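*Asks:* I'd like to ask you about the structure that follows.
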Amino acid sequence: MAQAFRLALAQINSTVGDISGNASKIIEYLERARDELQADLVAFPELAITGYPPEDLLFKSSFLRDNVAAMERVVAASRGIAVVVGYAQIGEGIANAAALGYDGKLIDSYQKIYLPNYGVFDEDRYFEPGTTCPVYVINGALVGVGICEDIWYPEGPIVTQRQAGAQLVVNINASPFHAGKAVEREDMIAARAKDNGLFVAYLNCVGGQDELVFDGASIVHNSRGTARQMPVPGNGFSVDLTGESCPHRLPGRARPP
């Protein structure tokens, strides 16, 4: 993208149920992304507020209320930076959502569209699927948001976002490790980026919960499908996306912060 744009991916380890502690960690990384990295946008993993998987804690109304209050606390801290953070949104049902905050205000929440219900996943039990996939204007860049499973479908939300002019799609994850997954995942991300002619930033969490191990391996691919930033084992990194064009950029409606 031609304009200056710096993205920070906070590859953190959240603790299931420790909503207050998770929020404090998120705010710490948000402030570092703003003050030390001068990032335009910092992203946090899927359900970073609650920890993943929260499972039947989602049936407790107090847990849901606390998680929303923690999300609002994170958004309030977003002075001078945009933030994407995973939480459980309360509406007619519960959504696996990503809040977009900017300059202390909640701009929107994206609801995960494709809910996995196989292997270790049973998200149909807890969540209602989303139906829309907007594109947002952040410091002049057109940015879409997705959550985990959404990026695995070639004709999924990324196509709608590309058609609306997205230059970058940030996909937040809580994706467990298994043998061979790293290669499969990276090949898929490269294909989505190349097929749609845009940047794809894949952010995963690290750590473990019961039998699940989260391996991070967050990565950014440019519009040619080439890795702009290789996976790192630590807690996160930033990448400057300035200076590369996205050939499929199209005029379309986008929501400014």
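*Asks:* Which shape class, rounded, prolate or oblate, goes with region 110-188 when its Cα gyration tensor gives a ≥ b ≥ c as root eigenvalues, a/c under 1.5 marks rounded, and past that a/b bigger than b/c marks prolate?
*Replies:* oblate
*Asks:* Continuing with this model, one more query. Just 146, 80, 216 to compare: in a GNM of the chain, with alpha carbon springs under 10 Å, which one fluctuates most?
*Replies:* Top of the fluctuation ranking is 80.
*Asks:* Between the alpha-carbon centers of region 89-112 and region 132-181, tell me the distance in whole angstrom.
*Replies:* 15
*Asks:* Could you give the length gained by full extension between residue 183 and residue 122, i.e. 0.36 nm per residue of separation minus their alpha carbon distance, to one decimal place?
*Replies:* Between residue 183 and residue 122, full extension yields an extra 19.5 nm.
*Asks:* To continue, here is another question. So for 138, 172, 12, fewest C-beta neighbours within 10 Å to most, what's the order?
*Replies:* 12, 138, 172
*Asks:* Count neighbours as other Cβ atoms within 10 Å of each site's Cβ, and list the trypsin sites (Lys or Arg not before Pro) in region 79-149 that are DSSP loop with at most 14 such neighbours.
*Replies:* Taking region 79-149 and a limit of 14 other Cβ atoms within 10 Å, the loop trypsin sites (Lys or Arg not before Pro) found are 79.
*Asks:* Region 168-226: which GluC sites (Glu not before Pro) are DSSP loop and have at most 12 other beta-carbon atoms within 10 angstrom?
*Replies:* Answer by residue number: 211.
*Asks:* Can you put 20, 78 in order of Cβ neighbours within 10 angstrom, beginning with the fewest? Spell out each step's value before the answer.
*Replies:* Working: 20 12, 78 26.
Starting with the residue having the fewest Cβ neighbours, the order is 20, 78.
*Asks:* Which label marks the calculated value of mean projected area of the Cα convex hull in nm², given the options (i) 31.1; (ii) 11.8; (iii) 14.9?
*Replies:* Computed from these coordinates, mean projected area of the Cα convex hull in nm² corresponds to label (ii).
*Asks:* What GluC sites (Glu not before Pro) does region 55-106 have in DSSP loop regions with at most 16 other beta carbons within 10 Å?
*Replies:* Values: sites: 55, 72, 92; in loops: 92.
Within region 55-106, the qualifying GluC sites (Glu not before Pro) (loop, at most 16 other Cβ atoms within 10 Å) are 92.
Since every read-out is calculated from the coordinates, none of them should be taken as a lab result. Nothing here was measured: the structure is a model prediction, and the numbers come from that model. Methodologically, a virtual Cβ is constructed for each residue, glycine included, from the backbone with ideal geometry; neighbour enumeration extends over all protein chains shown.
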